[in-house]
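Okay, so here's the structure we're looking at.
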């Protein structure tokens with residue numbers, strides 16, 4: 001299972017859906033409408049900060065990158081830990 005969207009409350013307490021790009025265990029991707037590094041800094045008590053905190057505290061899994069045997073510039077990523085924690 002890979003997350004495809006994140007639903008949060010906005011400042012007016014309305015639900016807003018943000019599509020998520022990226023695939024599988026690759027650490028590369030983005031959340032549409034959320035600026036990386038800015039959202040939590042600007043709103044440290046907001047919904048995105050809550051999701052990040054809960055995700056980090058309730059997770060023992062990690063993502064490990066391995067050099068590709070076919071192309072040295074590409075990495076293959078795998079999860080180490082429980083599948084539901086690596087998502």
From the residues in region 12-36 that are in a loop (DSSP other than H, G, I, E, B) and without any contact (Cβ under 8 Å) to a residue 12 or more places away in the chain, which one is nearest to residue 79 (Cα to Cα)? 28
Just the residues that are modelled with pLDDT under 80, outside any strand (DSSP E or B) and loosely packed, with under 13 Cβ neighbours inside 10 Å, please, taken from region 59-80. 68, 69, 70, 71, 72, 73, 74
Taking the stated definitions as given, is residue 32 surrounded by fewer than 13 Cβ atoms within 10 Å (Cβ to Cβ) and over 11 Å from the mean Cα position of the chain (by Cα)? yes
Scan region 37-52 for residues that are closer than 24 Å to residue 77 by Cα and within 12 Å of the chain's Cα centre (by Cα) and report the count. 2
For residue 84: the one exception among (1) part of a loop (DSSP other than H, G, I, E, B); (2) loosely packed, with under 14 Cβ neighbours inside 10 Å; (3) at pLDDT below 80: (1)
Can you spot a residue in region 4-15 that is surrounded by fewer than 13 Cβ atoms within 10 Å (Cβ to Cβ) and touching a helix residue (DSSP H, G or I) at 6+ places or on another chain (Cβ under 6 Å)? yes
What's the number of the only condition in (1) surrounded by 12 or more Cβ atoms within 10 Å (Cβ to Cβ); (2) touching a helix residue (DSSP H, G or I) at 6+ places or on another chain (Cβ under 7 Å); (3) not in a helix (DSSP H, G or I) that residue 40 fails to meet? (3)
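The values are calculated or read from the model by the stated rules, or taken from the named source; none is laboratory data. Quick caveat: nothing in here was measured; it's all calculated off a predicted structure. With ideal geometry, Cβ positions are generated from the backbone for all residues, glycine too; neighbour counts draw on all protein chains shown.
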